[in-house]
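Visitor: Quick one: this structure, given as structure tokens, is what I'll be asking you about.
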Amino acid sequence: MSEAVELNRADATGGAVENFDVAIIGAGFSGMYAIHRLRKDCKIVCFEAGDGVGGTWYWNRYPGARVDIQSVEYSYGFDNDLQQEWKWPEYFSAQPDLERYANHVADRFGLRDYIRFSNAIKSMRFDEDTNLWHLFSEKGDHVVCRFVIAATGSLSAPNTPPWPGRDKFKGQIIHTAAWPREGVDFTGKRVGFIGTGSTGIQAMPIIAEQAAHLTVFQRTPAYCMPSANRPLDEEVERDWKAHYPERRKQLLETYGASLVEYPKFSAHDCTPEERQEIMEKAWNSQSAFQLLICFSDVMTDKAANEMVCEFVRNKIRSIVKDPATAEKLCPKTYPIGGKRLCIGNGYFEMFNRDNVSLVDVKAAPIVEFTEKGLRTTEAEYELDIIVTATGFDALTGALNRIDIEGVNHRTLKDKWANGPTSYLGSMVAGFPNFFMIHGPMAPGAQAQMITTGEWQVNWTAGLIEDMVRDGKVRIDATEAGEQSWAAELDFAADQTLHKLADSWYNARNIEGKKGGFMIYVGGFPRFRQLCEEAVEQGYKGFIRS
Ligand code: N01
């Protein structure tokens, strides 16, 4: 495509410079599809920090890791033979099956040839004279290219709270997002587990079965509903395979997840008995998020939401035998769905085991790790293994860990010092020819990420193809475009109850992290429509030259 740079020139340090059209950062599901989508017309290279493909499903190999969207939907749609031939064993696939699928796709479509594994990008800078990006990797590669696609993942930079004493602790400390490939044997161990979000809730019941004792350090209790996972019914599989092409299109008209019953009435329109019946049905349904949409106003009306919250609290009280523990596990400070709803398998039941105890670290925060375990403001706990499921420096973390320099030598970190900005979650003004997939201010986890990631890659590829067609070498978002997108994002968030919870959606999961609401909750269909309209309306909000 581009002939702008000579191949294999020497760079200032004497190393070879390699020329590509597009550099992709990250070989997760979106990065892999970006390679496949663009390689026909572009010279591609992809840099990946891990030694394998799969992104989230490569790193998060903790016990119990499992997707919360049905696998027939949470999978690629770009190749009909692939979706016809692949067999998902369960409704909600476990990490090993998702990683196996990622590897199958990489092999089937010959993607590995383009990927440089264990070779993260450390820094990159935009050269305004040539309109080209220079990328520098940890293994010393220097690549020059016209376009960069950051498929770096919205939940890929682990959050490790800065508790002192890590090096003092004589046991093992493991973050769930950097789980050892060989697994961890918890047999007979005293395990401390910090974090009760989606990850912790999946991992703990399995660890509790092995450990001598599991101490759960909880800062905020979570709303959690049962996953209803089961082997995939052959009839359901046949039905999906018979209708895949049209179903994939339907997915893009929703949140990327089609098999949910959308509500038509408010919680206030029902009698208490009717409400109870509807919520029971949702709790026992086959679709993980049914509780959040069992009435039309669960996510928009505080009183309606509170009815669902109390329903879940009563479930917790009915499952957990010790009333004091049950009460500690009941979330009372934020609306259900304000943070992503957790989906579990026996999480609340786990607290009925003799070898599990619960410590409230909101009341008595963790102070430090010690030689023998960890200390809160109230007590010291002796432990052999500490697992941290403390989440992620979400959305901005992966990009801020790369030193990215745009026009006028301004760094992305500096531009985002008070929180991220973007246009359509895709570009950042002042960083031309740099695209993000599932970037800050895109719908992200508010939509099913493989299908909507595929859509975003296709849309981005369209921008690149239009530039080639139109003889352009540079595309940037305008500041006005960014401001209009920030207003759209805030307007959408203001219609919901999400702002009432502290979570990675709004940067309030990490002390001191700045930023407002960072996820577009206006719905994937509207997001898609606004992206398409921007292009159709002569690249509104962009500037091309
Ligand atoms: O991370 P989280 P996660 N002291 O941020 C606690 C996706 N996902 O890895 O709630 C003490 O949700 C923190 O406490 P608090 C999904 O989108 C999907 O669990 O902030 N505790 C919280 O309990 C999800 O939303 C799947 O008060 C501290 C926990 O650590 C996203 O990933 C499975 C602390 C972090 O919870 C992230 O989930 C897994 C501190 N200093 C993940 N700092 C499925 O598909 C943090 N915590 C099913």
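Visitor: If you check GLU99 against the conditions, is it farther than 30 Å from ARG375 by Cβ, in contact (Cβ under 8 Å) with a residue 40 or more places away in the chain and within 16 Å of the ligand (Cβ to nearest atom)?
Guide: For GLU99, the condition - farther than 30 Å from ARG375 by Cβ, in contact (Cβ under 8 Å) with a residue 40 or more places away in the chain and within 16 Å of the ligand (Cβ to nearest atom) - is met.
Visitor: Now for a separate question. Just the residues that are open to solvent by less than 30 Å² (accessible area, probe 1.4 Å), assigned to a loop (DSSP other than H, G, I, E, B) and under 18 Å from GLY430 (Cβ atoms), please, taken from region 116-155.
Guide: ASN131
Visitor: Sticking with this one: Specify which of the listed residues (GLU479, GLU533, GLU465) is over 16 Å from the mean Cα position of the chain (by Cα) and farther than 22 Å from PHE147 by Cβ.
Guide: Residue meeting the stated conditions: GLU533.
Visitor: If you don't mind, another one. Only residues that are aliphatic (A, V, I, L, M), in a loop (DSSP other than H, G, I, E, B) and free of Cβ contacts under 8 Å to residues at least 60 places away in the same chain: list them for region 63-93, please.
Guide: Of everything in region 63-93, just one residue is aliphatic (A, V, I, L, M), in a loop (DSSP other than H, G, I, E, B) and free of Cβ contacts under 8 Å to residues at least 60 places away in the same chain, namely VAL67.
Visitor: Can you work out which of the residues in region 323-370 that are within 11 Å of the ligand (Cβ to nearest atom) and of a type in the set (Lys, Arg) is modelled with the highest pLDDT?
Guide: My answer is LYS362.
Visitor: When you go through LEU399, LEU374 one by one, which is the residue that is within 18 Å of GLY195 (Cβ to Cβ) and either modelled with pLDDT of 95 or more or of a type in the set (D, E, K, R) (or both)?
Guide: LEU374
Visitor: I'd like to check something: does region 452-460 contain any residue that is open to solvent by 10 Å² or more (accessible area, probe 1.4 Å), touching a Leu at 6+ places or on another chain (Cβ under 8 Å) and closer than 30 Å to GLN83 by Cα?
Guide: There is at least one residue in region 452-460 that is open to solvent by 10 Å² or more (accessible area, probe 1.4 Å), touching a Leu at 6+ places or on another chain (Cβ under 8 Å) and closer than 30 Å to GLN83 by Cα.
Visitor: Right, another one. From the list ALA379, ALA363, ALA394, which one is more than 20 Å from VAL191 (Cα to Cα) and without any contact (Cβ under 8 Å) to a residue 60 or more places away in the chain?
Guide: Exactly one residue qualifies, and that residue is ALA363.
Visitor: Hey, among THR333, THR300, which residue is in contact with an Asp or Glu (Cβ under 9 Å, 6 or more places away or on another chain), open to solvent by 70 Å² or more (accessible area, probe 1.4 Å) and part of a loop (DSSP other than H, G, I, E, B)?
Guide: Every option except THR333 fails the conditions.
Visitor: Would you check which residues across region 517-545 are assigned to a loop (DSSP other than H, G, I, E, B) and surrounded by fewer than 17 Cβ atoms within 10 Å (Cβ to Cβ) and list them?
Guide: GLY523, GLN537, GLY538, LYS540, SER545
Visitor: Would it be correct to say that LEU424 is at positive phi, crowded, with 22+ Cβ neighbours inside 10 Å and modelled with pLDDT of 95 or more?
Guide: yes
Visitor: Could you look through region 138-166, keep only residues that are within 16 Å of the ligand (Cβ to nearest atom) and of a type in the set (Val, Ile, Thr), and pick out the one that is farthest from GLY52 (Cα to Cα)?
Guide: Filtering first and then ranking leaves THR160.
Visitor: What is the residue count in region 167-198 for residues that are open to solvent by 30 Å² or more (accessible area, probe 1.4 Å), within 16 Å of the ligand (Cβ to nearest atom) and under 10 Å from ILE386 (Cα atoms)?
Guide: 1
Visitor: Which condition number in (1) without any contact (Cβ under 8 Å) to a residue 24 or more places away in the chain; (2) closer than 22 Å to TYR33 by Cα; (3) part of a loop (DSSP other than H, G, I, E, B); (4) open to solvent by 60 Å² or more (accessible area, probe 1.4 Å) is the one that ASP107 fails?
Guide: Looking at each condition in turn, ASP107 falls short on (3).
Visitor: List the pairs whose first member sits in region 322-349 and is within 19 Å of ALA208 (Cα to Cα), whose second member is modelled with pLDDT of 95 or more and of a type in the set (Phe, Trp, Tyr), and whose Cβ atoms are under 6 Å apart, counting only residues at least 6 apart or on separate chains?
Guide: Close Cβ pairs satisfying both conditions: THR325/PHE351.
Visitor: Additional query: Specify the residue that is farthest from THR160 (Cα to Cα); the eligible residues are those in region 501-542 that are among the aliphatic types (A, V, I, L, M) and within 16 Å of the ligand (Cβ to nearest atom).
Guide: If we take residues in region 501-542 being among the aliphatic types (A, V, I, L, M) and within 16 Å of the ligand (Cβ to nearest atom), then VAL521 is farthest from THR160 (Cα to Cα).
Visitor: Can you name every residue in region 467-501 that is assigned to a helix (DSSP H, G or I) and open to solvent by less than 30 Å² (accessible area, probe 1.4 Å)?
Guide: MET467, GLY481, GLU482, TRP485, LEU489, ALA492, ALA493, HIS498
Visitor: Also: What number of residues within region 41-62 satisfy the criterion of being open to solvent by 30 Å² or more (accessible area, probe 1.4 Å), at pLDDT 95 or above and assigned to a loop (DSSP other than H, G, I, E, B)?
Guide: Residues meeting the conditions: 4.
Visitor: Run LYS264 past the list (1) modelled with pLDDT under 95; (2) within 30 Å of LEU82 (Cβ to Cβ); (3) charged (D, E, K, R) and report the number of the one that doesn't hold.
Guide: (2)
Visitor: Identify, from the list GLN210, GLN202, the residue that is surrounded by fewer than 21 Cβ atoms within 10 Å (Cβ to Cβ) and of a type in the set (S, T, N, Q).
Guide: Exactly one residue qualifies, and that residue is GLN210.
The values are calculated or read from the model by the stated rules, or taken from the named source; none is laboratory data. Computed from a prediction, not measured in an experiment: that's the story for all the values here. Every residue, glycine as well, gets a Cβ built from its backbone with ideal geometry; the counts of neighbours run over all protein chains shown. Ligands, DNA and RNA are excluded from the accessible area calculation, which covers all protein heavy atoms including side chains. Shrake-Rupley method; radii C 1.70, N 1.55, O 1.52, S 1.80 Å.
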